[in-house]
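Participant: Input: one structure, supplied below.
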Amino acid sequence: MAKGRGKRVKNERAAVQEKYSLNQLFKRFLEGKMAEGRTSKALDSYRVNFNFFMDSLSEKKIESIVTDLTVDVICNYIISRLNEKIRLAGHQFKDESEKALGLFLIHTGSLIGPI
């Protein structure tokens with residue numbers, strides 16, 4: 001009797017794509033940052049920037065699930081914040097002359113940190 005194995009058949013796995021909401025993922029992100037011992041000011045900054053991002057998605061009618069995020073969506077968000085956001089808006093101690101269109105470039109890291 002032959003000891004051959006016969007023809008091998010390649011089994012393919014079906015990719016499981018769970019639709020994680022960005023809110024769920026942000027909650028996990030925030031819990032991780034709390035475990036790292038980040039200050040409450042840093043955590044508040046993450047929340048504020050995440051809310052700005054979520055508002056931007058809503059305005060553009062993009063679902064807040066991770067599979068809908070693309071590089072273009074994130075780049076367009078950063079560009080819009082740099083070019084359309086009023087710098088120092090709502091700051092009670094700054095003159096109107098100091099308030100200008102566009103964020104400081106140094107703040108781009110805080111824009112994408114929580115994303």
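The values are calculated or read from the model by the stated rules, or taken from the named source; none is laboratory data. It should be emphasised that the depicted structure is a prediction, and the values quoted were computed from it without experimental measurement. Note that each Cβ is placed from the backbone with ideal geometry, even for glycine, and that neighbours are counted across all protein chains shown.
Participant: Out of segment 1-38, which residues are modelled with pLDDT under 85 and of a type in the set (D, E, K, R)?
Facilitator: LYS3, ARG5, LYS7, ARG8, LYS10, GLU12, ARG13, GLU18, LYS19
Participant: Follow-up. Restricting the search to segment 63-86, which residues are at pLDDT 85 or above, hydrophobic (A, V, I, L, M, F, W, C) and not in a helix (DSSP H, G or I)?
Facilitator: Those that are at pLDDT 85 or above, hydrophobic (A, V, I, L, M, F, W, C) and not in a helix (DSSP H, G or I): ILE65, LEU69.
Participant: Name, by its number, the condition in (1) closer than 20 Å to ARG28 by Cα; (2) at pLDDT below 85; (3) surrounded by fewer than 11 Cβ atoms within 10 Å (Cβ to Cβ) that does not hold for LYS41.
Facilitator: (2)
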